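Notes to accompany the following structure.
Computed from the coordinates by the stated procedures, all read-outs in this text should not be read as laboratory data. For clarity, every value in this text was computed on a predicted model and none was experimentally measured. Note that we place each Cβ from the backbone using ideal geometry, even for glycine, and neighbour counts take in every protein chain shown.
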Amino acid sequence: MDYKDFFQKRTTATIARDLLGHALTFQTPAGKVGGLIVETEAYVGVRDRAAHSYGGRRSPANEGLYRAGGTLYIYAQRQYFFFDVATQAAGTPEGVLVRAIEPIWGQELMLANRHGKGGRLLTNGPAKMMQAFGITSRKWDLHLLADSPFEIDLQHKRAPKQILALPRIGVVQADPIWANKPLRFVVAGNPYVSDIKQRQIEKDHGWA
């Protein structure tokens, strides 16, 4: 399966769920960094009050969502950066935010990028992950994933024992319907899931 088939021919929620267990890597000048995706969030376009494209909002800041599936939508909030991939045909502004990875490659480099914040704190949140990758700008926004230093390995996948569908994080509670939609997908028991409690962590990190 290529990126077009993966990101354009299924629902955004299905894509977000299926990304769990695939490797996300970034090729830096100093070497490859990355890990296995353990947490994602689906944003389902103009009807989704939590989506940047809600109501058809469109600007240079969120243009990536309106591009063809497989296009990177890298956005910034304050000094932090976030990794999102468009998931539908051009003009249908939906996407998946990768929230967390279990680090595998380039851990020493990621630790340096995170100024020594290791362990679960290394990559257990979307801004932390991007900081660990050394991302300091929106340089790769609007690029096709296939034409960027980022890679999602679609040929291999580690199988989660259980996937949980949970409410997304940081969605305004003034809209209870969208705030509570189970559009965040996590590998149950993985220590790098952003809000996991110590008692919920499994020794095998939730992998089959």
So, in nm, how far is label S59 from label E108 when the simple model puts each one 7 Å beyond its Cα toward the Cβ?
-> 4.3
Expected vector for segment 73-84, Karplus 3J(HN,Hα) from phi with 6.51, -1.76, 1.60 and θ = phi - 60°, integer Hz, x for Gly and Pro, equals 10, 9, 10, 10, 10, 6, 9, 9, 10, 9, 10, 10
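Please label the shape of segment 27-68 as rounded, prolate or oblate, based on the square roots a ≥ b ≥ c of the eigenvalues of the alpha-carbon gyration tensor (a/c under 1.5 means rounded; beyond that, a/b larger than b/c means prolate, else oblate). Working shown, then result.
On the way: a/c = 4.13, a/b = 1.88, b/c = 2.20.
Taking the square roots of the gyration eigenvalues as a ≥ b ≥ c, segment 27-68 is oblate.
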Non-local residues with an amide H under 5 Å from the amide H of L183, with H modelled 1.01 Å from N and Pro and chain starts lacking one, are L166, R168
Please work out which option in [x] 1.03; [y] 0.95; [z] 1.15 gives Cα Rg over 2.2 N^0.38 Å calculated from these coordinates, and answer with its label.
-> [y]
Between segment 85-154 and segment 47-68, the alpha-carbon center distance in angstrom | 20
Amide H neighbours of A100 at under 5 Å, excluding residues fewer than 5 places away on the same chain, with H built from the backbone geometry, are V38, E39
In the structure shown, do any of K117/K161; K9/K161; K4/K181; K32/K128 have a Cα-Cα gap over 23 Å, and if so which?
-> K117/K161; K9/K161; K4/K181
Sum up the charges of everything whose Cβ sits under 13 Å from the Cβ of K32, counting Lys and Arg as +1 and Asp and Glu as -1, but leave K32 out.
-> -3
Summed side-chain charge close to G69 - residues other than G69 whose Cβ falls under 10 Å, Lys, Arg +1, Asp, Glu -1 | +2
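Just order 99-106, 88-95 by mean Cβ neighbour count inside 10 Å, highest at the front, would you?
In decreasing order of mean packing, 99-106, 88-95 become 99-106, 88-95.
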Identify the residues of segment 193-208 with backbone N under 16 Å of a label point that sits 7 angstrom from the Cα of K117 along the Cα-to-Cβ direction, or state none.
-> 193-196
How many nm is it between the label spots at V172 and D195, if each spot is 7 Å from the Cα in line with the beta carbon?
-> 1.8
Along segment 51-67, what does the Karplus equation 6.51 cos²θ - 1.76 cosθ + 1.60 (θ = phi - 60°) give for ³J(HN,Hα), rounded to whole Hz, x for Gly and Pro?
-> 7, 5, 9, 3, x, x, 4, 8, 7, x, 5, 10, 4, x, 5, 8, 7
